[in-house]
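The numbers here are math on the coordinates, done by the rules we state, and not lab data. Keep in mind the model is a prediction, meaning the values are calculated, not measured. Please note: Cβ atoms are built from the backbone with ideal geometry, for glycine as well, and neighbour counts cover all protein chains shown.
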Amino acid sequence: MMVCEKVGTAGSGGVTLVELLVVIAIIAILMAILLPALTMARDRARRAKCQSNLRQLGLGMEMYQNQYEHLPPWLGGDRTWGDRHGWLEKIARLVYRAEKRDLGPPGICVCPAIGRFGFSCNQHHFSSPTEPNYREAKTIIAIYDIGPNFWRTLGRPSEEAYKYETDLSDEYRGKMGFLWWPGVIPPHRRGHNILFSDGHVKWFRRWDDREMTRGPDY
Ligand SMILES: [Zn+2]
């Protein structure tokens, strides 16, 4: 009985500084353990949402091909909403119409890791006439997400095309260098999501000759 009373008396003195520090240390350790896991979970969710958006754009690409027997023209309007002649708006509009959704961004036109219009298209793919077996190609890159700082890394616009080919390492020259442009931060854990001509979407950290090409001639 006496022992119990002593413990009770000692406990009524409140929390000591040492106890408080121990609690803070435990919370800090838990945060250190949990934060990377939470960040990874958030990144995985964004990657999955981006892939879903790309699949829907692939669906729109297919719908456009079925309707007009060719892909929408590239015409340079490849990254902004509001350009009705650009490929993005043309195929997104078909998807929105088919799903009876409200028209307009954000939605499927946005890579969630970038937070705004985050997709670009393969100009070679969109500008080429449809050829036999071309549409079925599993390796032809159609649309891909760009790094959040992609446009800032470009210098003077008139030199863009030239820079694309010349600034790249040998590994990427003559391929879809846009994806691994020097200085660009890939949006998804150092990788990009890519939609292929046949509609499948996959995440890549590096160029892979076996699985990707920018067109039938490359
Ligand atoms: Zn993305």
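Report note on the peptides 30-40, 117-127: ranked by the mean count of other C-beta atoms within 10 Å, highest first, their order is 117-127, 30-40. In terms of distances greater than 24 angstrom between alpha carbons, the cross-link table entries LYS138/LYS175; LYS49/LYS100; LYS100/LYS138; LYS49/LYS202 yield LYS100/LYS138.
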